Structures are given as structure tokens and as C-alpha cells.
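Below: one structure, written as C-alpha cells.
The values are calculated or read from the model by the stated rules, or taken from the named source; none is laboratory data. What you see is a predicted model; the values in this text were computed from it and never measured. As a convention, Cβ positions derive from the backbone with ideal geometry for all residues, glycine included, and neighbour counts pool all protein chains shown.
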Number of protein chains: 2
Amino acid sequence: MKIFKFVGMSLLASSLLLGATSVADKAKGSGLKAIPTDKAELMKLIDPNKTITEERVELGKRLYFEPRLSKSGIISCNTCHNLGLGGVDGVPAAVGHQWTANPHHLNSPTVYNAVFFKEQFWDGRSPHLEDQAQGPMQAAPEMAAPKSLVEERVNSIPAYIEEFKKAYGKEVKVDFEKITSTIGIFERTLVTPSRFDDFLNGKKDALTEAEKEGLNVFIDKGCTSCHTGIALGGTMQPFQVAGKYRFANVGDFKGDKNGMVKTPTLRNITETAPYFHNGAIWNLADAVKEMGSTQLGIKISDEEASKIVTFFGALEGRKPVITYPQLPKSTNKTPKPDFK
Amino acid sequence: MKIFKFVGMSLLASSLLLGATSVADKAKGSGLKAIPTDKAELMKLIDPNKTITEERVELGKRLYFEPRLSKSGIISCNTCHNLGLGGVDGVPAAVGHQWTANPHHLNSPTVYNAVFFKEQFWDGRSPHLEDQAQGPMQAAPEMAAPKSLVEERVNSIPAYIEEFKKAYGKEVKVDFEKITSTIGIFERTLVTPSRFDDFLNGKKDALTEAEKEGLNVFIDKGCTSCHTGIALGGTMQPFQVAGKYRFANVGDFKGDKNGMVKTPTLRNITETAPYFHNGAIWNLADAVKEMGSTQLGIKISDEEASKIVTFFGALEGRKPVITYPQLPKSTNKTPKPDFK
């Protein structure tokens with residue numbers, strides 16, 4: 001009995017070990033990548049041009065939470081990309097200035113791990129976060145602030161100018177590009193390592209058996225053909241925009257010039273419902289099945305979808321601890337809020 | 001020469017000392033009070049019913065930042081009472097659900113130090129923060145969420161239920177009253193001691209000479225007849241609602257049954273423009289002069305107003321450090337956002 005037990009446990013242990021190793025290797029083989037634990041390696045990825053400094057990140061954080069960068073004075077980056085809600089707003093289509101829903105009915109993508117995306121925006125029209133930040137701030141149905149208004153607001157507040165000088169030197173010109181790119185620098189730091197990363201990085205018990213099984217199904221079904229790389233997404237994919245993805249009734253988004261839509265990241269996906277670029281589906285298992293039929297042309301069963309969703313739990317990342325910023329006070333020169 | 005210098009310095013030091021002492025005493029004599037430095041004494045003031053616990057404050061903080069407590073899912077308490085902006089939104093009249101400006105054109109009062117107010121709301125209709133929190137959440141032009149929706153949203157999220165159990169015991173009923181009163185408990189902790197408090201508490205050099213002079217003018221002009229107590233405000237005062245305070249064109253607010261409007265706190269007043277219950281004046285010196293003529297029937301000169309505003313700088317308080325909360329994820333049972 002003792003011997004049997006010993007043998008039994010041995011076999012079990014060895015099978016788990018093999019299983020863990022092989023699923024991790026299989027994941028890597030299918031293009032999935034961990035967020036590096038080595039800080040220098042991570043910095044190379046998120047900061048290739050070496051623009052990150054402590055002062056810029058702190059200033060960028062303030063600006064990220066700064067509602068006075070919107071025309072009305074009440075909408076900040078964090079309104080739609082809420083760092084407490086998985087980096088999103090949790091509604092199908094972003095709602096901005098004058099309560100206007102995004103006219104293309106586009107869902108706010110998460111800002112977490114967006115630094116790993118090859119392209120920004122759903123149609124991939126922006127190459128990086130510093131460029132992306134210029135868009136929503138000016139867009140009429142979002143923050144609706146002309147460049148000049150953003151510049152005037154920030155330049156009217158001496159404490160901001162001081163911070164820009166500390167971050168970039170005394171000669172800094174605090175213009176729209178500098179303001180938005182500083183936000184981009186902050187966003188580069190919004191990386192959320194998860195148990196999945198621990199697993200790929202060698203910690204074999206970081207995933208439960210059920211999560212390992214889910215990962216296996218995820219790979220076997222072919223999900224990694226699009227959801228790959230360090231972000232498990234973030235690159236353009238063919239997407240049936242004009243097909244059943246129902247844009248006819250909710251907006252006029254057509255994807256990029258090839259009718260393509262960016263694959264969203266799956267990191268923190270359990271926290272970022274509703275799903276797809278049009279926020280059309282709330283239930284994550286339904287979204288998985290839909291992707292199977294629409295994108296892969298296969299049927300994913302309820303049981304398989306459930307397993308994949310179990311794996312997604314391991315992608316919930318550890319969020320950076322954010323101290324809510326105290327924003328500097330307006331002055332008599334600060335342009336007033338404008339709700340028109 | 002040495003003797004002269006010694007005598008001179010002695011006289012100067014003694015005059016400063018006397019000056020400092022007398023202004024501080026004069027302030028206390030006119031009803032101004034410091035936030036106590038003694039923790040037990042402070043707790044007696046902010047927590048008379050001993051409801052504050054660490055778990056409740058942490059949970060209340062989450063709920064304070066929780067946009068899913070609004071009908072749309074995108075407006076939280078912090079939207080209009082922004083803890084990074086002196087506890088206000090910085091706009092004349094609060095804007096809420098469907099971009100509706102407050103129909104009475106009422107300015108969002110600061111949440112900082114509101115625990116010290118004798119009454120809540122501009123018309124003083126609410127006795128304490130726990131009660132106050134029920135108002136804006138349900139008000140159609142603010143968060144627009146019926147009680148039942150708030151209860152369903154919170155109860156659909158198991159992580160919240162766990163937190164309520166930790167905060168109140170396993171038998172807790174997570175109803176609207178419990179949710180809002182927990183927010184009130186968090187708000188009780190939002191106290192901002194300032195250099196003015198240090199000064200009243202005996203630190204004679206906590207104020208500059210110019211600030212001491214401003215405080216002196218503030219008292220001599222009679223401002224403390226309304227702006228008194230620990231909040232430098234927070235009680236009802238006669239206010240010419242129907243007079244030049246221009247409600248005719250901006251709303252139908254009439255004050256309380258006696259036509260009275262609450263005196264706002266002056267703590268952090270330099271950070272909370274625009275001013276008055278209708279947000280009619282942006283410039284703080286102008287606001288001071290206006291109060292002189294409207295409330296006190298006196299003329300406050302530009303120079304005097306400027307001195308008083310200098311004193312107000314000493315009322316900028318040290319804000320509690322707030323770690324931005326990670327909010328628990330929605331489930332498939334969570335009622336969806338409703339923008340209608």
C-alpha cells in the first residue's frame with residue numbers, strides 16, 4: 001500500500017510536471033510571450049526610445065486624470081480608460097462631450113498593456129501611445145478640446161509649467177504635442193504581469209490544472225493565430241466588419257483600408273466587458289464562441305468556451321499602485337469650462 | 001551697536017510673538033477653530049457614533065469612485081466631487097446624466113471637511129453625510145440611479161458582498177441605505193489640516209506675516225460672523241437668494257424654507273472656483289468683495305480683498321493620500337449601463 005501510494009504520487013507528480021512544462025512550451029511555441037521579469041528587458045520593450053523618467057511619469061499621470069484637458073472640464077483620459085475598471089469604461093460605446101456616444105459605436109479599448117500593441121486604435125491608424133493620446137482629446141464626441149485650448153489651460157497653471165520644466169528642462173515648450181506625449185509616457189508604464197506570465201516564466205504551479213487545460217484548448221482551437229505575442233493581441237486581423245458584426249445599425253466604422261480591425265488584448269479580459277470593437281457581446285463565453293465561428297470558422301462548444309474563460313482568469317494582471325493625483329489649481333487666466 | 005542690535009532684535013521678536021499670539025487669540029475669540037491634532041479628539045468630532053472602521057473606509061472609498069452606482073455606469077461621486085481638484089468639479093453647475101446641468105444651477109460643494117458642516121446640501125436639508133449620499137445618486141440630473149438599480153448592481157458583484165461582510169459582519173443586508181452610508185463613512189475621513197490649523201494650534205510661524213495680516217482683516221471686516229467654526233462655514237445664513245444673486249435666469253433654487261443658503265466652507269477655497277451656490281463668480285477677490293456688499297453691507301477694497309485672499313492660501317489643506325481603488329469586476333448578472 002505504501003509502495004503503491006509512493007508510486008502513484010510519483011507518477012502523478014511527474015505527469016503534472018510534464019504537463020505543465022509541455023503546456024508552457026506549447027504556449028511559447030504558439031507565439032505567446034510573458035511580460036519579462038527582468039526590469040532591463042522590460043524597459044527595452046516599453047521604452048525603446050528611453051523617454052521614461054520618474055518626473056515625466058508622475059506628470060503624465062496627473063494629465064491622465066486631468067479633466068481640464070477636455071472642453072467641458074469634466075472628462076479626463078481616465079473617464080473612458082478607467083484605471084480602476086481594467087482600463088476601460090465598461091459600456092458598449094464611449095460616451096463623451098455632450099453625452100455623445102461614439103458615432104462609430106466603438107468600445108473604449110483598455111489602456112493597460114496597450115504599450116505592447118503594434119498599432120493603436122481599433123483601425124490601427126496610430127503607431128504609438130504618444131500619438132494616440134492626441135486623438136480622443138480633440139475628437140468632438142470625446143473630450144472635444146482644440147489643441148489651443150489644451151495648451152492655454154495647461155500654460156495658465158504655473159504648477160504645471162514647473163513640472164514640465166522638471167521633467168524636460170527649463171527650455172521646454174509646453175505645447176499640445178508635449179502634453180499628449182507625456183500622457184503616452186505614463187501609459188507606457190501601465191503593464192500588468194499576471195499568473196500566466198509567472199507560468200511562462202517557469203513557475204509551474206502559477207496556473208491551476210483547470211487553467212492549464214483551458215490554455216491548452218485555447219491553443220488547440222487556434223485562438224493564438226490572432227491573439228498572440230506579449231499582449232495576446234494588438235495587431236491587425238481580418239475581421240468581418242460588414243458581416244454579422246452589425247455595424248449597419250450602430251455606426252459607420254469600416255475598419256482600416258483593408259476592412260481590418262485590431263485584435264484586442266486578452267490581458268484582463270475578464271474585467272473589460274462588453275466585448276469586441278462595437279461592445280456587442282457582454283458574456284465572455286459567448287464572445288469566445290462567436291470568435292470561433294466568425295474568425296476561425298469552427299464551432300467552440302459551451303464546455304470548451306468555459307474552459308477557455310477559466311484560462312482567461314489567469315490573465316488578470318497585477319495593476320500598478322496609483323496614488324490619486326492632487327491636481328494644481330486653476331488661475332484667473334485659466335480658460336473656463338465650455339459645455340457647448 | 002551690539003547692544004542696539006540685541007535690543008532691536010529683542011523688540012522685533014517680542015512684537016512678532018505678541019502679534020502672532022494676538023491674531024491667533026483673536027481668531028479663536030471670533031469663533032474660528034482648528035482641526036485638532038490629537039487623534040482621539042478629532043475622532044470624537046468626525047465619528048461621534050463610532051461607525052468608522054478601516055474596512056468600511058476602504059469599501060466606502062471604492063464606492064465613492066464607483067461609476068456603476070450611476071444609471072449610465074460612467075458617473076461616480078468623484079465625478080462632481082473630485083478628490084484631486086479640491087473635492088469639486090470646477091464648473092459652475094454640476095453636469096450629470098445625459099449632460100444635464102443642475103436645474104437649480106447649483107455648484108457642487110467640496111466634499112473635503114464636509115464632515116464638519118452642521119447641515120448638508122446648499123439648503124441644509126440633510127443632517128449628515130450618510131444621508132446626503134442618497135441624494136445625488138438618485139437625482140435624475142445627477143447619477144439618476146433608482147435605489148433598486150444601485151442595490152442590484154452591487155449585489156451582483158460577489159467581491160463587493162465579501163467586502164460588506166468584512167465591514168459589517170456576515171448577516172449584513174447590502175441595501176441602498178448601507179451602500180450610501182458606507183460612502184458617508186469614507187467621506188468622514190476627508191479632513192484637510194492646513195497651516196492655518198498649525199497656527200491656531202500654536203505654531204506661530206505657520207503663517208507668513210502677510211497671511212496673518214489677511215486673517216486680521218478677515219476678522220475685522222466681520223467675515224467670521226458667517227464663516228466661523230472649524231469649517232469656516234457650514235451653517236445656514238441669510239442670503240439674498242432673490243436679490244442680485246441672479247437665480248432668475250439660471251435656475252429656480254430658493255434656498256431653504258426661510259430663503260437661506262448654507263455658508264460654504266473656506267477651507268481649500270483657493271482650489272474650488274467658481275464660487276457661491278450658483279457658481280456665479282470665478283475670481284476669489286471679486287467673491288470676497290461681493291460678500292462684503294451683499295452680506296455685510298460694507299465695501300471691501302481691492303487691497304483688503306487681496307489681503308484676505310492671501311490669508312485663504314493658508315487654508316489649503318494637506319489632503320489624505322488616496323490609493324486609486326481597483327474596483328471588482330462585473331458579472332453576467334450585473335445590470336447593464338442605461339444611458340436613457
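B:Ile157 falls short of the stated requirement of being among the aliphatic types (A, V, I, L, M), within 16 Å of B:Leu266 (Cα to Cα) and either touching a Leu at 6+ places or on another chain (Cβ under 9 Å) or touching a residue at least 60 places away in the same chain (Cβ under 8 Å) (or both). Answer yes or no as to whether A:Ala159 is of a type in the set (Gly, Ala, Ser) and touching a helix residue (DSSP H, G or I) at 6+ places or on another chain (Cβ under 6 Å). Against the criterion (of a type in the set (Gly, Ala, Ser) and touching a helix residue (DSSP H, G or I) at 6+ places or on another chain (Cβ under 6 Å)), A:Ala159 does not qualify. If you filter the range B:285-322 down to residues that are in a helix (DSSP H, G or I), within 21 Å of B:Ala206 (Cβ to Cβ) and within 12 Å of chain A (Cβ to nearest Cβ), you find that the one that is farthest from the chain's Cα centre (by Cα) is B:Val309.
Among the candidates A:Ala101, A:Ala167, A:Ala140, the residue that is farther than 21 Å from A:Ile46 by Cα and surrounded by 17 or more Cβ atoms within 10 Å (Cβ to Cβ) is uniquely A:Ala101. For B:Thr263, which of the numbered conditions (1) touching a Gly at 6+ places or on another chain (Cβ under 7 Å); (2) at pLDDT 95 or above fails to hold? Going through (1) touching a Gly at 6+ places or on another chain (Cβ under 7 Å); (2) at pLDDT 95 or above one by one, B:Thr263 breaks only (2).
Of the residues making up the range A:307-329, at least one is among the polar types (S, T, N, Q), outside the structural domain of A:Cys226 (by TED's automatic domain parsing) and at negative phi. If you filter the range B:88-104 down to residues that are touching a helix residue (DSSP H, G or I) at 6+ places or on another chain (Cβ under 8 Å) and part of a loop (DSSP other than H, G, I, E, B), you find that the one that is farthest from the other protein chains (Cβ to nearest Cβ) is B:Ala94. Summed over the range A:38-52, the residues that are more than 16 Å from A:Val115 (Cα to Cα) and hydroxyl-bearing (Ser, Thr, Tyr) give a count of 0. Look at A:Ala210 and say whether it is surrounded by fewer than 22 Cβ atoms within 10 Å (Cβ to Cβ), hydrophobic (A, V, I, L, M, F, W, C) and assigned to a helix (DSSP H, G or I). It is true that A:Ala210 is surrounded by fewer than 22 Cβ atoms within 10 Å (Cβ to Cβ), hydrophobic (A, V, I, L, M, F, W, C) and assigned to a helix (DSSP H, G or I).
Across the range A:53-73, a minimum of one residue is classified as farther than 30 Å from B:Pro274 by Cα, over 17 Å from the mean Cα position of the chain (by Cα) and part of a loop (DSSP other than H, G, I, E, B). Scanning the range A:166-203 for residues that are outside any helix (DSSP H, G or I), within 22 Å of A:Leu149 (Cβ to Cβ) and of a type in the set (D, E, K, R) turns up A:Lys173, A:Asp175.
For A:Leu42, the stated conditions hold: it is touching a Pro at 6+ places or on another chain (Cβ under 8 Å) and away from every other protein chain (no Cβ under 14 Å). Answer with yes or no whether B:Arg62 is crowded, with 23+ Cβ neighbours inside 10 Å and among the charged types (D, E, K, R). Answer is no for this residue. Being surrounded by fewer than 20 Cβ atoms within 10 Å (Cβ to Cβ), under 28 Å from A:Val191 (Cα atoms) and not charged (D, E, K, R) holds for only one residue in A:Thr270, A:Thr334, A:Thr294, and it is A:Thr270. The single condition from (1) within 17 Å of A:Tyr64 (Cβ to Cβ); (2) touching a residue at least 40 places away in the same chain (Cβ under 8 Å) that A:Lys178 fails is (2).
Selection of the range B:105-117 for residues being in a loop (DSSP other than H, G, I, E, B), away from chain A (no Cβ under 14 Å) and either of a type in the set (A, V, I, L, M, F, W, C) or more than 12 Å from the chain's Cα centre (by Cα) (or both) yields B:Leu106, B:Phe117.
Under the condition of being among the hydrophobic types (A, V, I, L, M, F, W, C), part of a helix (DSSP H, G or I) and surrounded by 15 or more Cβ atoms within 10 Å (Cβ to Cβ), the residues counted in the range A:143-164 number 5.
The combined condition, being out of contact with any helix residue (DSSP H, G or I) (no Cβ under 7 Å at 6 or more places or on another chain) and closer than 30 Å to B:Pro325 by Cα, is not fulfilled by A:Ala314. For the residues B:Thr37, B:Thr79, the requirement of being within 14 Å of another protein chain (Cβ to nearest Cβ) and among the β-branched types (Val, Ile, Thr) singles out B:Thr79.
Scanning the range B:257-284 for residues that are within 23 Å of B:Ile230 (Cα to Cα), more than 14 Å from every other protein chain (Cβ to nearest Cβ) and not aliphatic (A, V, I, L, M) yields B:Lys262, B:Thr263, B:Pro264, B:Thr265, B:Phe276, B:His277. When B:Glu130 is tested against (1) touching a Gly at 6+ places or on another chain (Cβ under 6 Å); (2) assigned to a loop (DSSP other than H, G, I, E, B), only condition (2) is not met.
Please determine whether any residue of the range B:61-68 is among the charged types (D, E, K, R), touching a residue at least 40 places away in the same chain (Cβ under 8 Å) and within 18 Å of B:Val321 (Cβ to Cβ).
Among the residues of the range B:61-68, at least one is among the charged types (D, E, K, R), touching a residue at least 40 places away in the same chain (Cβ under 8 Å) and within 18 Å of B:Val321 (Cβ to Cβ), which makes the answer yes.
Using the structure shown, decide if A:Gly243 is more than 13 Å from A:Thr110 (Cα to Cα), modelled with pLDDT of 95 or more and not assigned by TED's automatic domain parsing to the domain that holds A:His81. No, not satisfied.
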